[in-house]
């Protein structure tokens, strides 16, 4: 399965987004803490990271740098109305969506960036086997 990391408070918005992504075949990991989320995915990697940024978090630039340091080529979707804290290190793999973006639009953007879910079926077994690229 294709893996995604969603970082932020597990509010109704992220829960709805997670449910829709899982329906499409993605494996979604949710973590409230940026650094914990990065540790959790360090072994297997992910196809896309989505970060629902707290507007009042003074450490946003440092956390952003940590994500970009370890996952430079992984698409990163920032849910934030303020681009200013990130302008120094923007690249072609960083995308912004507004805080009030409808869930359908966010899911569409994530699917566009992550690609179709990858599932490998073992012909000798009835079970689905995870294919890690």
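The values are calculated or read from the model by the stated rules, or taken from the named source; none is laboratory data. None of the values given here were measured: they were computed from a predicted structure. With ideal geometry, Cβ positions are generated from the backbone for all residues, glycine too; neighbour counts draw on all protein chains shown.
Remarks
- You will find that of 67, 49, the residue that is touching a helix residue (DSSP H, G or I) at 6+ places or on another chain (Cβ under 7 Å), touching a residue at least 12 places away in the same chain (Cβ under 8 Å), part of a helix (DSSP H, G or I) and surrounded by 20 or more Cβ atoms within 10 Å (Cβ to Cβ) is 67 and no other.
- Candidate set from the range 82-98 (those that are surrounded by 12 or more Cβ atoms within 10 Å (Cβ to Cβ) and modelled with pLDDT of 90 or more); member that is farthest from residue 42 (Cα to Cα): 97
- Cβ-Cβ under 6 Å pairs, at least 6 apart or on other chains, the range 81-93 side within 17 Å of residue 113 (Cβ to Cβ), far side assigned to a loop (DSSP other than H, G, I, E, B) and modelled with pLDDT of 90 or more: 93/75
- Residue match in the range 113-122 (condition: assigned to a helix (DSSP H, G or I), at pLDDT 90 or above and touching a strand residue (DSSP E or B) at 6+ places or on another chain (Cβ under 6 Å)): yes
- If the condition is being at pLDDT below 95, closer than 15 Å to residue 114 by Cβ, outside any strand (DSSP E or B) and touching a helix residue (DSSP H, G or I) at 6+ places or on another chain (Cβ under 9 Å), then the range 18-40 contributes 24, 26.
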